[in-house]
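A quick write-up on the structure given underneath.
Taken together, the values in this text are just the output of simple stated rules run on the coordinates, not laboratory data. Source: prediction; values computed, not measured. We place every Cβ from the backbone using ideal geometry, glycine too, and count neighbours over all the protein chains shown.
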Amino acid sequence: MDPIGDTFGNLGDQIDIQSITTESSGSGVRFQITFVDAVAQASSGAANSLVGYLDFDTDVNEGTGSSSYQDLFGQQPTLSLGSDYFVDMSSDLVHPGRFDVFASVSLDLMGTVSANFSGNHLEFDVPLTLLGNDDGTFAFGLIVGNLTEATDEAPNGTAALLHVASVPESGNSLVLTSGLLALLGMHQWMARGNCHRREVGCGPKVDVKL
């Protein structure tokens, strides 16, 4: 479970994560995210429209990959994980009901996944083939917000490693077989999402760790 009311934004609806649950989907991992209040697709342009980024550290090595969105737009302390792939929830603006999956360093589009919204729940499956045929063991971090800014993150502080189970938004270090999330807010926030889709110029530079 995630603490209720721990949002850190100040513009618009404060989208608040309640819990994240992961389970095997056969060929990948299924993410089930519950929010305190109902959320809408980014493409709806509603006050509670969801924007977010889920980062995966597939080699579980913070010295490789790029900075995660949670490190860039979240609260201190940062996750300090090396993002190898990420799910871009803002891509729902381009093709409603689907999220793009990108390689973090090259920004190559790996594919898209179906996203299912229902009230305060969001569910999507990420095939391991879109994560470089990963073995299913990876660190993760998530950051979400509205169309203007980032508002909440999970986990808080330390990257989580788990075993396809419920992921609490806490500062505890865990070992898990799951994924990672990360996010941004409007100008820099949404501009970075567009940058990843290579539709407009990039916002703030993401430092690549070699």
Practice problem: Give the shape of region 42-149 as rounded, prolate or oblate, defined through the alpha-carbon gyration tensor: a ≥ b ≥ c are the square roots of its eigenvalues, a/c under 1.5 means rounded, and otherwise the shape is prolate if a/b is larger than b/c and oblate if not. | Solution: oblate
Self-check item: FRET E, pair residue 75, residue 120, Förster distance 22 Å, beta-carbon r, rounded to 0.05
Solution: 0.50
Quiz item: Say R0 is 30 Å: what FRET efficiency, to the nearest 0.05, do residue 8 and residue 133 get from their beta-carbon distance?
Solution: 0.25
